[in-house]
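Just so you know, all these numbers are worked out from the coordinates, no wet-lab data involved. Nothing here was measured: the structure is a model prediction, and the numbers come from that model. Heads up, the Cβs are rebuilt from the backbone with ideal geometry, glycines too, and the neighbour counts pull from every protein chain shown.
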Amino acid sequence: MTITVAIIGRPNVGKSTLFNRLVGQRLALVDDTPGVTRDRREGQANLFGLEFRVIDTAGLEEIFDASLEGRMRAQTERAVAEADLALLVIDARAGITALDEHFARWLRRSGTPVALVANKCEGREAEAGLSDAYSLGLGQAIPISAEHGLGMSDLYDAVAAVAGAAEQAAASESEAAEAEETEAEGVLQLAVVGRPNVGKSTLINKLIGEERLLTGPEAGITRDAIAVEWTYRGRPLRLVDTAGLRRKARVVQKIEKLSTQDTLRAIRFAQVVVLLLDVEEGLEKQDLTIARMVVEEGRALVIGVNKWDACRERDAALAGIRDRLERSLPQTRGIPVVTLSALQGHNIDALLAAVFRAYDVWNRRVPTADLNRWLEAVTASHPPPAVNGRRVRLKYMTQAKTRPPTFAIFVSKPQELPTSYLRYLENGLREAFDLPGTPIRINFRKGENPYAGRKKKPAKKRVR
């Protein structure tokens, strides 16, 4: 896909020269006089085979009125808003100015990715300005000479990184659309994940009743995320077998890195995820890392403890797993834990029952009236902390969406609520509305004043 790159900077830093370099033609007027460019100019750039849309903008001035300079600034702001990447160009020979610092702060707040470009670096005079560029807080500057074509390969790296991320986002949107179609068909997407050799493929083979997937004592047999269509008691499912996830430091081979990415993608587009453990090894640090990834993606999670038939100290093993979950994942209390034997087929029905319950909780919607009665009760028993002597008010609450349950609370000062109070509300919601184990998201919003912006009516004069 084609991305848009906006060239930003104060007057006379070489923006139009860089624009002409990128499009390969002298489309923009170039002169030593500051402020030659006034309107936005667009062109199709080609940088070492990477094609993208580039916008040349007027020199930024700190003017906000309706003057010509103010209107030029508004045009530049619109260019930044529609760009996938903003190139903030500075003059390395002139050094960092107050105007550069001002607009660096503005770009950091804009939300658009920014790459700092130090132009006119063809001589030693630029060395001081290049080192001072760190003070802008935008990372290392890319040294170039737009006039002489120096440093274009480094600029290519910056643009290509954004283009790659945009392409990946577009692919994710396509996969999300496919997942939505699957959901519309009523198919439950279930991913089985875990460390290598815990029995993921064996479990899916036992579920579907055939040797569909390769299994064996060797770790790492599965490399691709394999989807298998299956129906359980009239309910359609899509089972996804995944490659085992090892610690990041141990993943060195390219094929294993690709397998890891495929597994993460399977988690992202699953509805319920079964994290399979080996009972002999218990709940290790890598298992907790996988569980956190599932929760952060907002998927419903079920823990399956495999090879239960071979376990001798069953009570101690199960108690250790539950205790580790409580201590390490307190933000997601009540994650279901099911013991099973994938090889023997023991307790498979109990695992699927837990999957369907987790799916139902993940889809649960709570009436707004019940939520606000609950909010009134919990804030009365445990009020939020006061800020500068004034109590933070939680005014109103509603459920914004399901999958996972997501709630919006309108607050007088949302930025002042501590994380501990957020955890208090999450745990209260989980207990009050029977939401065990599922991720819960709470968004604090500042309530709007319905009278803001209204003109005050003049008081009527009394007639005596």
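Here the extension length gained between Ala369 and Leu343 equals 4.5 nm, from 0.36 nm per residue of separation less the Cα-Cα distance.
Over the C-alpha trace of the range 271-420, radius of gyration and Dmax come out as 19.4, 64 angstrom.
Expressed per residue, the C-alpha convex hull volume of the range 323-390 stands at 150 Å³. Between Glu431 and Arg235, the FRET efficiency estimated from the beta carbon spacing at R0 = 25 angstrom works out to 0.30. Scoring 268-276, 77-85 by mean Cβ neighbours within 10 Å over their residues and listing the highest first yields 268-276, 77-85.
Proximity of backbone amide H atoms, modeled 1.01 Å from N, is registered between Val114 and Ala86 at under 5 Å, excluding neighbours fewer than 5 places apart on the same chain. Semi-axis lengths, largest first, of the ellipsoid equivalent to the range 294-358 are 21, 17, 8 Å, with √(5λ) applied to each eigenvalue of the Cα gyration tensor.
What length, rounded to one decimal in nm, is gained on full extension from Ala128 through to Glu296, with 0.36 nm per residue of separation minus their alpha-carbon distance?
Net length gain for the segment: 56.1 nm.
Set the Förster radius R0 to 41 Å, insert the Cβ-Cβ distance between Lys401 and Arg53 as r into 1/(1 + (r/R0)^6), and round the FRET efficiency to 0.05. FRET efficiency, Lys401 to Arg53: 0.75. As a ratio to 2.2 N^0.38 Å, the alpha-carbon radius of gyration computed for the range 399-438 takes the value 1.24.
Among 6-12, 99-105, the peptide with the highest mean count of other Cβ atoms within 10 Å heads the list, and the full ranking is 6-12, 99-105. Fully extending the segment from Ala310 to Leu264, taken as 0.36 nm per residue of separation minus the present Cα-Cα distance, adds 13.6 nm.
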